[in-house]
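What follows is calculated from the coordinates using simple rules that are stated; it is not laboratory data. This structure is a prediction, so every number in the text was calculated from the model and none was measured. All Cβ positions, glycine included, derive from the backbone under ideal geometry; neighbour counts span all protein chains shown.
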């Protein structure tokens, strides 16, 4: 078991998901709420990989002795040309909330020119690992599915209540957390990280 893992996020939902998957590999798992003086870096990348690296490096400089894990993830909807993509968390503007992003997504898919379009989509995630101010590894994961016509379920966060993964009839907002954590984009990227940690 390694020492401390710092997850480069203020999102407690995301920290909880990652802690559940990685708890047996680290003595301590914390996030940026433990570094109240650190401001999150500007995510200027145009890909999940670029933004993940930006966040990992910034957090690693603040806590160089720890393993730092940053992820950048989002929803890609085929009918919208891959949007919202890297802009998933701020899809409805600078003051976006999860609820306003979901509302905008449903409104976009209800446009007359898209009403009959397939609602296929995927969640994609890139996890970057840093230590001592340098990048050391990255891992990716994706889960295919479709966008529901309306929100279902109250679990999860982000677009979970709209996303129905392939092979299921329930959204991530309805499925038990244990099921989501076994198949989500983030879980698949983290499984690759777990295998990397266990390689020795």
Margin query: Using Cβ counts within 10 Å as a stand-in for footprinting exposure, how do 180, 14, 104 rank, fewest first?
Written below: 104, 14, 180
Notebook entry, point to check: Which order, highest average first, do 90-101, 34-45 follow once you tally other Cβ atoms within 10 Å for each residue and take the mean per peptide?
Noted result: 90-101, 34-45
Check: To the nearest 10 degrees, how steep is helix 12-22 against the longest Cα principal axis of the chain, on a 0 to 90 scale?
Finding: 60
Margin query: For the chain, set up a GNM with springs between Cα atoms under 10 Å and report which of 167, 82, 132 has the largest fluctuation.
Written below: 167
Notebook entry, point to check: In percent, how large is the relative contact order of region 2-197, given Cα pairs closer than 8 Å and 6 or more residues apart?
Noted result: 19
Note to self: If I fit a long axis through the Cα atoms of helix 98-109 and take the longest principal axis of the Cα atoms of the chain, what angle between them do I get, 0 to 90°, rounded to 10?
What the structure shows: 40
Margin query: As a test of the formula, what do you get for the chain when each DSSP H run with n ≥ 4 contributes -39,500 (n - 2.57) and the sum is divided by the residue count, at 222 nm and rounded to the nearest 500 deg cm²/dmol?
Written below: -9000 deg cm²/dmol
Next item on the list: Could you tell me what percent of the DSSP beta bridges with both partners in the chain are antiparallel, to the nearest 5?
Entry: 75
Check: Pairing the Cα long axis of helix 48-62 with the longest principal axis of the chain, what angle in degrees results, from 0 to 90 and rounded to the nearest 10?
Finding: 30
Next item on the list: State, to one decimal in nm, how far the label point of residue 179 lies from the label point of residue 96, with both points 7 Å from Cα in the Cβ direction.
Entry: 2.7
Notebook entry, point to check: [x] 11.1; [y] 14.4; [z] 13.8: which one is mean projected area of the Cα convex hull in nm² as calculated from this entry?
Noted result: [x]
Item checked: Centroid-to-centroid separation of region 98-176 and region 46-62 [C-alpha atoms, Å] -> 21
